[in-house]
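Read the structure below first, then the notes.
Where a number appears in this text, it was derived from the coordinates with a stated rule and is not lab data. Please read these numbers as outputs of a predicted model, since none were measured by experiment. When we count neighbours, we look across all protein chains shown, and the Cβ atoms used for this are built from the backbone with ideal geometry, even at glycine.
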């Protein structure tokens with residue numbers, strides 16, 4: 001039975017040394033592109049960003065140039081690129097992630113597929129007759145059933161002084177000084 005290679009979309013992000021010139025970055029980018037193409041993949045897009053500050057120091061560097069490469073191919077192309085990233089010293093850090101099918105359609109320029117996937121399908125609407133609400137009881141009748149609440153003193157009133165009749169018996173050392 002012949003094997004069928006499943007083509008999946010991927011995104012490779014790698015950071016190159018900021019001291020590299022444009023020619024060196026182009027050489028590195030073409031090298032990685034050729035690895036994908038020799039393993040049956042196709043590169044859709046390569047973005048080279050300008051020099052950026054890294055979140056933390058990586059291999060003694062605080063800045064780097066990010067390269068984002070969108071490609072599709074069999075798992076063999078992805079695993080070979082990952083292997084080359086691990087043994088190569090051309091980049092500071094590298095990561096490959098598999099994208100979902102919606103993202104790959106947008107990269108391929110298939111606008112209709114993206115719109116069809118992004119457009120929400122309207123749910124069927126069922127018309128239900130209005131419900132009749134139960135009558136609300138009168139508020140005074142409800143308030144009569146509630147316990148009484150003591151009113152708080154007004155803000156401008158001073159608090160009442162503690163009298164001997166209102167205060168519990170205090171020990172002589174806790175008694176207020178007169």
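Worth pointing out:
- Judged by the mean number of other Cβ atoms found within 10 Å, the most tightly packed of the peptides 14-27, 53-66 leads the ranking 14-27, 53-66.
- Segment 8-109: radius of gyration over Cα atoms, expressed as a fraction of 2.2 N^0.38 Å: 1.05
- Label-to-label distance, nm, for residues given as residue 75 and residue 50 (7 Å Cα→Cβ offset): 4.2
- The mean of 1/r over all pairs of different alpha-carbon atoms in segment 24-63, once inverted, gives a Kirkwood hydrodynamic radius of 12.2 Å.
- Segment residue 100-residue 5, length gained on full extension (0.36 nm per residue, minus Cα span): 32.5 nm
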